[in-house]
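This report refers to the structure that appears directly beneath it.
What follows draws every value from the coordinates through simple rules; no lab data is involved. Only a predicted model underlies this, so the values are computations on that prediction, with no experimental measurement involved. Note that each Cβ is placed from the backbone with ideal geometry, even for glycine, and that neighbours are counted across all protein chains shown.
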Amino acid sequence: MIISRRALARAKLEKLRQGFSVYTEIEEIAQSIEKKLDTIDFPVHIDRTDLGCWFIPDTDTSNHKVE
């Protein structure tokens, strides 16, 4: 079964929008996700390692009350 890298990048981007962290080992997919993130207003922390790249939604906790 052949999976399109473009479709895989879109699926991972959708997971990010849902609030999930995503990981990819494939540089082409990481670049595609980064390129798309540049065009939308969605803060994401990107953690690059030797083995791959994590995309973690950047949640702002400054509005959360601690009681």
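At a glance:
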{"quantity": "Per-residue Cβ neighbour rank within 10 angstrom, fewest leading, Ser21, Ser32", "calculated": "Ser21, Ser32"}
{"quantity": "Which label in [x] 17, 14, 11; [y] 25, 13, 11; [z] 62, 9, 7 gives the computed semi-axes √(5λ) of the Cα gyration tensor in Å", "calculated": "[y]"}
{"quantity": "Charge dipole (debye, nearest 20) of the chain; +1 at Cβ of Lys and Arg, -1 at Cβ of Asp and Glu", "calculated": "360"}
{"quantity": "C-alpha long axis of helix 27-39 to longest principal axis of the chain, angle in °", "calculated": "50"}
